[in-house]
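**Q** Mind looking over this structure? Questions follow.
The values are calculated or read from the model by the stated rules, or taken from the named source; none is laboratory data. Here the structure is a predicted model, which is why all the values come from computation and not from measurement. Note: ideal-geometry Cβ built from the backbone for every residue, glycine included; neighbour counts use all protein chains shown. Side chains included, ligands, DNA and RNA excluded: accessible areas come from the protein's heavy atoms. Shrake-Rupley method; radii C 1.70, N 1.55, O 1.52, S 1.80 Å.
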Amino acid sequence: MFVKVAKTGDVKPGHGKTVEANGLRIALFNVDGTFHAMDNTCPHRGGPLGEGMLDNGNVICPWHGWQFDVTTGKSPFMPVGVKVFETKIEGEDVLVNI
Ligand code: FES
């Protein structure tokens, strides 16, 4: 089920934001105009991934620096990952499939 979580202008390219969809906290990222969504909770100690910096397609957890590819949710360095969600744009709305 696709749920509207933001307007396209809410998240600037190269940035992220924590949004909510049906009670789920989701990290939403804009990588060069393409939106990606993943579970907001870092599997290390629960850091808010939506507040992390983006580096070359990876989000860096703001708490201790674990990294996750925003496309796959996988860590480039360790066998851990977070769930990713499909996104789509309708007009100026960003929707996430939860
Ligand atoms: S909580 Fe994310 S790296 Fe520790």
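**Q** Can you tell me which residues in the stretch 27-50 are among the hydrophobic types (A, V, I, L, M, F, W, C) and away from the ligand (no atom under 16 Å from the Cβ)?
**A** LEU28, VAL31, PHE35, ALA37
**Q** For PHE77, work out the one condition from (1) within 15 Å of the ligand (Cβ to nearest atom); (2) touching a Gly at 6+ places or on another chain (Cβ under 8 Å) it doesn't fulfil.
**A** Evaluating PHE77 over (1) within 15 Å of the ligand (Cβ to nearest atom); (2) touching a Gly at 6+ places or on another chain (Cβ under 8 Å) leaves (2) as the failure.
**Q** Among the strands (runs of 3 or more DSSP E) lying completely within the stretch 1-62, list those that include at least 1 residues that are surrounded by fewer than 18 Cβ atoms within 10 Å (Cβ to Cβ) and in contact with an Asp or Glu (Cβ under 9 Å, 6 or more places away or on another chain).
**A** Hits in the stretch 1-62: 2-7, 15-21, 24-31.
**Q** While we're on this one: If I go through the stretch 65-81 residue by residue, how many of them are open to solvent by 20 Å² or more (accessible area, probe 1.4 Å) and touching a Cys at 6+ places or on another chain (Cβ under 8 Å)?
**A** 2
Conditions tested, residue by residue: (1) on the phi < 0 side of the Ramachandran plot; (2) touching a Gly at 6+ places or on another chain (Cβ under 9 Å); (3) among the charged types (D, E, K, R).
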| site | (1), (2), (3) |
| --- | --- |
| GLY9 | yes, no, no |
| THR18 | yes, yes, no |
| ALA21 | yes, no, no |
| ALA27 | yes, yes, no |
| VAL31 | yes, yes, no |
| THR34 | yes, no, no |
| ILE60 | yes, yes, no |
| ASP69 | yes, yes, yes |
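**Q** If you don't mind, another one. Find the residue count for the stretch 64-81, including only residues that are in a loop (DSSP other than H, G, I, E, B) and over 13 Å from GLY46 (Cα atoms).
**A** Qualifying residue count for the region: 10.
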